[in-house]
Structure formats: structure tokens, C-alpha cells
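> The following block contains the structure, expressed as C-alpha cells.
The numbers here are math on the coordinates, done by the rules we state, and not lab data. Since the structure is predicted, the reported quantities are computational estimates derived from the model, not experimental observations. Positions of Cβ are generated from backbone atoms using ideal geometry, with glycine treated the same way; all protein chains shown enter the neighbour counts.
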Amino acid sequence: MGELIRLTFRKYDNSLHWHSVVRHLGEDEHGIWLGWGRNQQMARGGERPIIAKAASVQLIRRKDWWTGRFLTKPDGLHVYCDITTVAEWTAADEVTLIDLDLDVLSFRDGRPPMIDDEDEFLEHQQRYGYPREVIDTARATADALLEAVRADEEPFKSAYLRWLDLVRDVDGDPIAGLIDPK
């Protein structure tokens, strides 16, 4: 696996949200793929780190307002997409995304895909003063992404599998994990 990359999610006011250090796996027509094995550490803001039960890969899109995470069992989620601003490479080894609350989820148990955190999106429009363009783009992105997940379009059909195979059997990573956020 490749070099370490700091994956940082922030909220619209620039406060730290989720963060971890992951491995760069490679790139394809869908974007840049990052990954980590089971038992990888991640943290929400300044909270105590949690340990991921499932290996997963993160797709960083080059120009779109979303990022996707593809998970292995035992996680009950198959796909977890965050609606975000376009990813920004804030350093050679750090990618930062502004989380815009809405998530598109796909479940392993057969439940239909759904958009989550609508209430948080409404609340944060007021709290953070999202501009109309941000609200409209986030909403349109979530709706279009939900349809793409429902239709099993790529990268949701199988494109992620080659990347997930690189980390599926990795039990943590003694080097990757958490580095104090900037």
C-alpha cells in the first residue's frame, strides 16, 4: 500500500469533524482511493478515537460534492456517502472535505438506500449560514447520488472491489492511525 494520507472532514465553520490517517491505494476514472484495515483508529473532532470494525476504502472525487466509503462486513453498511464540498488537497499528504451533513446510505440487509441527516442539514443551514448555492448543490447532489446508488451505477456496482481487496484482510496498520489534527 502507498503513502500515508491525512483524511480530514471539517464542518462548514471549519471545526474539526472526523479524521484519520489512511493509505493511498491508487487512482482510476472515479477518483483517488484511500483505505484502511480493520481496527483502524479514527476520531470525531477532539473526542477519544474509535476503532473501525470493518476494513474500508474511501473514494475521493476530483470535482464532485461527495465522497464515498465502501465497507466490508461485519459493518451493516455497504456504502456510506458524505455530501461535501469538493475535496481540497491542503498539503501533499492531506485531503480536507467540508461535511454538509447529508449522507447517502446503502445497507447490507436489503433495506433500500436512503438519504440520512436531513434534520442536521436543516439545522446547520441556520447555524452555519450556508449560502443558497451550497444548500442547492448539496441537495441536488444527494438526490442524484441516491438515484445512482439505487441504480447500482459505478462506482457502486463493482469498481470499488479491486480497491477493497487491498485492505479486506488487513488487521489495522501499525503506522497509520491518528496524527494530531492541524
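> Does the range 4-167 come out rounded, prolate or oblate by the C-alpha gyration tensor, with a ≥ b ≥ c the root eigenvalues, rounded set by a/c under 1.5 and, if not, prolate when a/b is larger than b/c and oblate if not? Don't jump to the answer; show the numbers that get you there.
On the way: a/c = 1.44, a/b = 1.15, b/c = 1.25.
Because its axes are fairly even, with a/c under 1.5, the range 4-167 counts as rounded.
> Here is a further query. Just check the range 4-49 against the gyration tensor rule for me: Cα atoms, a ≥ b ≥ c as the square roots of the eigenvalues, rounded for a/c under 1.5, and otherwise prolate or oblate depending on whether a/b exceeds b/c.
oblate
> What ranking do 152-161, 60-69, 78-87 get when scored by the average of other Cβ atoms within 10 Å per residue, highest first?
Per-residue Cβ counts within 10 Å, averaged per peptide and sorted highest first, yield 78-87, 60-69, 152-161.
> Please give the Cα centre distance for the range 73-90 versus the range 132-149, rounded to the nearest Å.
Measuring centre to centre over Cα atoms gives 14 Å.
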